[in-house]
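A.B. asks: Questions regarding the structure given below will be posed in turn.
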Amino acid sequence: MISGVAERYAGSLHELASQANSVAKVESELSRFETLIEGSADMRRLIESPVFSADDQFKAISAIVDKAKITGLTGNFLRVVARNRRLFAVPGMIRAFRRIAAEARGEVAAEVSSAHELTAAQRSELTAALKTVAGKDVAVNLTVDPTLLGGMVVKMGSRQIDTSLKTKLASLKLALKEVG
């Protein structure tokens with residue numbers, strides 16, 4: 001679920017990026033920042049914890065953004081978000097920005113989690129299948145979630161398709177409880 005705060009911030013960022021003709025650059029930098037969040041428990045704690053003051057968050061985000069060479073509009077945006085104590089909403093802002101950018105390009109955004117890294121052939125086959133379902137181009141954001149054990153979860157608009165082994169095993173466990 002994308003909150004109203006995340007939606008508003010993402011909308012404003014997209015408007016500024018469109019005016020500066022840098023939507024693709026901002027999208028790429030946001031993806032890099034998202035990778036930093038996913039790869040570090042300390043980074044997640046910085047973003048999610050209300051313990052840190054706005055000043056501490058601002059200083060930390062400024063240092064991280066500078067070190068990661070996230071510059072210009074995206075760097076300034078992340079600093080503003082930190083200054084306004086809205087870092088907790090950054091993951092939602094990134095998802096909302098992707099969705100808004102995809103819609104502006106005439107695409108549908110799809111979030112795909114798979115149990116393992118997909119090959120180039122699998123990615124293109126998945127994109128083609130989603131394009132057939134959506135009836136238009138699809139911007140696919142792939143993430144790897146080893147807890148799925150196998151299969152994938154696809155979220156596209158209000159639809160979710162879950163073919164993960166984890167969900168199938170949970171359903172089987174529930175069915176066995178009902179029988180026994």
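A.B. asks: Could you derive backbone 3J(HN,Hα) for the stretch 112-118 from the dihedral phi with the Karplus parameters 6.51, -1.76 and 1.60 (θ = phi - 60°), listing whole Hz in sequence and x where the residue is Gly or Pro?
C.D. replies: In residue order, the calculated couplings are 10, 10, 10, 6, 8, 4, 7 Hz.
A.B. asks: A further question on this structure: Hey, what's the Kirkwood Rh for the stretch 85-180 if you take every pair of different alpha carbons, in angstrom?
C.D. replies: 14.9
A.B. asks: Below 8 Å between Cα atoms, with a sequence gap of 6+, how large is the relative contact order for the chain in percent?
C.D. replies: 21
A.B. asks: Rounded to two decimals, what ratio of Rg to Rh does the chain give with C-alpha atoms and a Kirkwood Rh?
C.D. replies: Working: Rg = 18.4 Å, Rh = 17.9 Å.
Using only Cα positions, Rg/Rh for the chain is 1.02.
A.B. asks: With Cβ to Cβ distances under 12 Å as the rule, what net charge do the other residues near residue 151 carry (K, R +1; D, E -1)?
C.D. replies: 0
A.B. asks: Using the basic label-point model (7 angstrom from Cα toward the beta carbon), what is the residue 32 to residue 131 distance in nanometres?
C.D. replies: Taking the simple label geometry, residue 32 and residue 131 are separated by 2.8 nm.
A.B. asks: Oh, and also: Show which lysines lie in cross-link reach of residue 173 when reach means a straight Cα distance below 27 angstrom and same-chain residues fewer than eight apart are skipped.
C.D. replies: Of all the lysines, those that pass the test against residue 173 - Cα under 27 Å, at least 8 places apart if same chain - are 155.
A.B. asks: What translational diffusion coefficient, in µm²/s and rounded to a whole number, does the Stokes-Einstein relation yield for the stretch 139-180 at 20 °C and a viscosity of 1.002 mPa s, taking the hydrodynamic radius as the Kirkwood radius over Cα pairs? Write down the numbers at each step before the final one.
C.D. replies: Working: Rh = 11.7 Å.
Answer, rounded: 183 µm²/s.
A.B. asks: While we're here: Just the projected area, averaged over all directions, of the convex hull on the alpha carbon atoms of the stretch 66-120: how many nm²?
C.D. replies: Averaged projected hull area, Cα only: 5.9 nm².
A.B. asks: Further, regarding this structure: Please compute the net charge surrounding residue 99, taking Lys and Arg as +1 and Asp and Glu as -1 over other residues with Cβ under 10 Å from its Cβ. If you can, show how the numbers build up before the last one.
C.D. replies: Values: positive: 95, 98; negative: 7, 103, 107, 111.
So the environment of residue 99 carries a net charge of -2.
A.B. asks: Still on this structure, I have one more. Where the convex hull is taken over the Cα atoms of the stretch 33-110, what is its projected area averaged over directions, in nm²? Can you show the working numbers first?
C.D. replies: On the way: hull surface 21.5 nm².
Average of the hull's projected areas for the stretch 33-110 equals 5.4 nm².
A.B. asks: Give me the percent of DSSP beta bridges within the chain that run antiparallel, rounded to the nearest 5.
C.D. replies: If we restrict to bridges inside the chain, about 55 percent are antiparallel.
A.B. asks: For a quick protection proxy, order the peptides 81-90, 170-179, 14-23 by their average other-Cβ count within 10 Å, most packed first.
C.D. replies: Details: 81-90: 19.6, 170-179: 9.0, 14-23: 15.1.
Final packing ranking: 81-90, 14-23, 170-179.
Rule-based calculations on the coordinates, nothing more; no lab input. Here the structure is a predicted model, which means the values were calculated and not measured. Neighbour counts run over all protein chains shown; Cβ positions are idealised from the backbone, glycine included.
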